[in-house]
Amino acid sequence: IEVEKSLADVNVILGATTSNLHKFGRELFSIAGQTGQAFGTVAEAATELARQGLGMEQTLSRTKDALILTRLTGMNAADAVKSLTAAVNSFNKEGVTSTQVINKMAKVDAAFAVSSEDLAKSISRVGSSAVDAGVGLNQLMALTTAVQQKTARGGAVIGNAFKTIFTRIQRSDVQQKLTDIGVATTDMNGKM
């Protein structure tokens, strides 16, 4: 009954045919088994992603990635979906996929003293401001990692700090003050 209710909730958004909904349900069960998550958790993540207007295949792919992030970080499914969505949406011009974001986080997590959860929280808070300031995903992960290793602050604090910095550094009065003390904020082409 719970499974049918969960699938019905998702289908209200997806509007899939009966056969496609059964296929979707089988895929959700597969994702649950692969990620070691309960079906209810998987269905919750899929519902959140479907609400974003994603198609069935994209919803399944991002659901799997969000639940992998859940396993890596201990975040709940809703927070993992939000963090992953923020990263993909912020850096969409770079063409990153949710799978690439997860892989990058896991590699940085394994190599340095920063967790995937801290990276996810930082990116979700500062992603769009970083893009506006000309900072790419790899650079943002490197900045977050460096600050985390030196300060032991959490990803949320680091993300909020960088958001403030990236927002303020784009102001003309701030740029002028930095130029006055010999700090360049733009390159030869006038880009940040």
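Among the criteria (1) within 26 Å of residue 62 (Cα to Cα); (2) open to solvent by 30 Å² or more (accessible area, probe 1.4 Å); (3) at pLDDT 90 or above, the one residue 146 does not fulfil is (1). For region 60-75, taking the residues that are of a type in the set (Gly, Ala, Ser) and surrounded by fewer than 21 Cβ atoms within 10 Å (Cβ to Cβ), the one that is nearest to residue 14 (Cα to Cα) is identified as 61.
Kindly check whether there is at least one residue in region 79-87 that is open to solvent by 10 Å² or more (accessible area, probe 1.4 Å), β-branched (Val, Ile, Thr) and at pLDDT 90 or above. Yes, region 79-87 contains at least one residue that is open to solvent by 10 Å² or more (accessible area, probe 1.4 Å), β-branched (Val, Ile, Thr) and at pLDDT 90 or above. The one condition from (1) aliphatic (A, V, I, L, M); (2) in a helix (DSSP H, G or I); (3) open to solvent by less than 70 Å² (accessible area, probe 1.4 Å) that residue 165 does not meet is (3). Name the residues in region 26-58 that are among the aliphatic types (A, V, I, L, M) and loosely packed, with under 14 Cβ neighbours inside 10 Å, would you? Across region 26-58, the qualifying residue is only 38.
Of the residues in region 3-25, not one is loosely packed, with under 15 Cβ neighbours inside 10 Å, of a type outside the set (A, V, I, L, M, F, W, C), over 29 Å from residue 134 (Cβ atoms) and at pLDDT 90 or above.
The values are calculated or read from the model by the stated rules, or taken from the named source; none is laboratory data. Everything numeric in this text was worked out from a predicted model, so none of it was measured. Using ideal geometry, Cβ is built from the backbone for each residue, glycine included, and neighbour counts are taken over all protein chains shown. Note: areas computed on protein heavy atoms with side chains; ligands, DNA, RNA excluded. Shrake-Rupley method; radii C 1.70, N 1.55, O 1.52, S 1.80 Å.
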